[in-house]
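The values are calculated or read from the model by the stated rules, or taken from the named source; none is laboratory data. No experiment lies behind these values; they were computed from the predicted model shown. When we count neighbours, we look across all protein chains shown, and the Cβ atoms used for this are built from the backbone with ideal geometry, even at glycine.
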Amino acid sequence: MRVKCNLEKLTKVKIIDSNKIYSGNISLKVDTFKLNKNMIKKEVVEHLPSVGVIPLLDEDFAPKIILVTQYRHAVRKTTLEIPAGKIERGESPKKAALREMAEEIGYSGKLSQILKWNLAPGYSTELMHVFVATNLKKIKRQKLDDDENIIVKNMRLTTAIQKCFNGEISDCKTIAALLAYSKLNK
């Protein structure tokens, strides 16, 4: 028997204070709130929503995907990832996904949203919309952002999933997106 419950009603939260301590491409604030009977202080990263795209190349026998490598300064290494990026103000998730694909891999295609999730709900507001892109068409690549040094990599989906398990892919959005896609398409 399944029991439905409203998690919001189980937790009593009252925000006492919210202090923004940094504002830029992301913002950082410190919230003070009462959780049940305890007073809590928590840092919160305010981040625009984002998109991630699983671009599928047409293949007869085994799906191939397009991934990108790029340097990630916070972890001081180059990572292998799905194309992704922030949704600009006033932009729809679908429009952002098409823009990111054009900028990062030089393709356009038909998009289908498969999931959305909070990337790090313990400290960030970022909500990511995940799309699968099919019927890919090569287009002229737009200018990359200053912090992007992207190399495009095509590989079989099965190879990418192996890389998730052997540590060659360490980016959580990519791991979650690829595993979710493979499970949904069995």
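Filtered by the rule that a residue be outside any strand (DSSP E or B) and either touching a Cys at 6+ places or on another chain (Cβ under 6 Å) or of a type in the set (Phe, Trp, Tyr) (or both), the stretch 43-85 gives a lone residue, PHE61. Residues in the stretch 141-150: is at least one in a strand (DSSP E or B) and either surrounded by fewer than 17 Cβ atoms within 10 Å (Cβ to Cβ) or assigned by TED's automatic domain parsing to the domain that holds ALA74 (or both)? Scanning the stretch 141-150, I find no residue that is in a strand (DSSP E or B) and either surrounded by fewer than 17 Cβ atoms within 10 Å (Cβ to Cβ) or assigned by TED's automatic domain parsing to the domain that holds ALA74 (or both), so the answer is no.
Matching residues to (1) in the same structural domain as LYS163 (by TED's automatic domain parsing); (2) under 30 Å from THR11 (Cβ atoms); (3) charged (D, E, K, R); (4) at pLDDT 95 or above:
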| site | (1), (2), (3), (4) |
| --- | --- |
| LEU28 | no, yes, no, yes |
| PHE33 | no, yes, no, no |
| LYS37 | no, yes, yes, no |
| LYS41 | no, yes, yes, yes |
| LEU56 | yes, no, no, yes |
| ASP60 | yes, no, yes, no |
| ILE66 | yes, no, no, yes |
| ARG72 | yes, no, yes, no |
| GLU81 | yes, no, yes, yes |
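Of the residues making up the stretch 79-95, those that are out of contact with any Ser or Thr (no Cβ under 8 Å at 6 or more places or on another chain) and touching a residue at least 24 places away in the same chain (Cβ under 8 Å) are PRO83, GLU88, ARG89, PRO93, LYS94. Taking the criterion of being of a type outside the set (Val, Ile, Thr) and either surrounded by 12 or more Cβ atoms within 10 Å (Cβ to Cβ) or not in a strand (DSSP E or B) (or both), the residues of the stretch 31-42 that qualify are ASP31, PHE33, LYS34, LEU35, ASN36, LYS37, LYS42.
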